[in-house]
Amino acid sequence: MVPFTGMSISRRAFDAAIRLARVEDATIMPTYLARVPRHLALDAPLPNQCLQVMPLLEAIEQRAIAQGVRVDSRIVRGRTYRDALLRTLDAEP
């Protein structure tokens with residue numbers, strides 16, 4: 001998993017994830033952690049955040065696939081970034 005919160009991702013972190021995935025024959029999981037304001041329901045649409053992050057997720061997928069690495073991109077919601085990360089970790093086997 002490569003979690004991120006902004007409109008960019010650390011190149012070093014991405015390159016490390018690609019190297020590890022290749023060695024382990026694993027899938028990388030770029031995960032955008034979306035904060036949902038408390039005045040909205042947790043499952044409320046977040047069109048602005050999604051529109052901004054989709055080009056980055058697509059670029060990550062294209063670079064990973066070009067290097068022979070499988071990708072499973074995610075957008076995860078939470079009240080805080082930590083909450084979103086914990087929800088993701090709880091949902092994964």
Qualifying residues in the range 1-56 (those that are closer than 14 Å to Val71 by Cα and part of a loop (DSSP other than H, G, I, E, B)) - the one modelled with the lowest pLDDT: Met1
- prompt: If you go through the range 77-92 one residue at a time, do you hit one that is touching a helix residue (DSSP H, G or I) at 6+ places or on another chain (Cβ under 7 Å), closer than 13 Å to Val2 by Cα and at pLDDT below 95?
  reply: no
task: Considering only residues that are under 20 Å from Glu92 (Cβ atoms) and of a type in the set (Asp, Glu), look in the range 11-40 and name the one that is most open to solvent (accessible area, probe 1.4 Å).
output: Glu24
task: Only residues that are aliphatic (A, V, I, L, M), in contact with a strand residue (DSSP E or B) (Cβ under 9 Å, 6 or more places away or on another chain) and part of a helix (DSSP H, G or I): list them for the range 73-93, please.
output: Ala84, Leu85, Leu86, Ala91
field: Test: residue in the range 59-72 that is charged (D, E, K, R), part of a strand (DSSP E or B) and open to solvent by 80 Å² or more (accessible area, probe 1.4 Å)
entry: yes
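The values are calculated or read from the model by the stated rules, or taken from the named source; none is laboratory data. Worth saying up front: this structure is predicted, and the values here are computed from it rather than measured. All Cβ positions, glycine included, derive from the backbone under ideal geometry; neighbour counts span all protein chains shown. Just the protein is used for accessible areas: all its heavy atoms, side chains included, with ligands, DNA and RNA removed. Shrake-Rupley method; radii C 1.70, N 1.55, O 1.52, S 1.80 Å.
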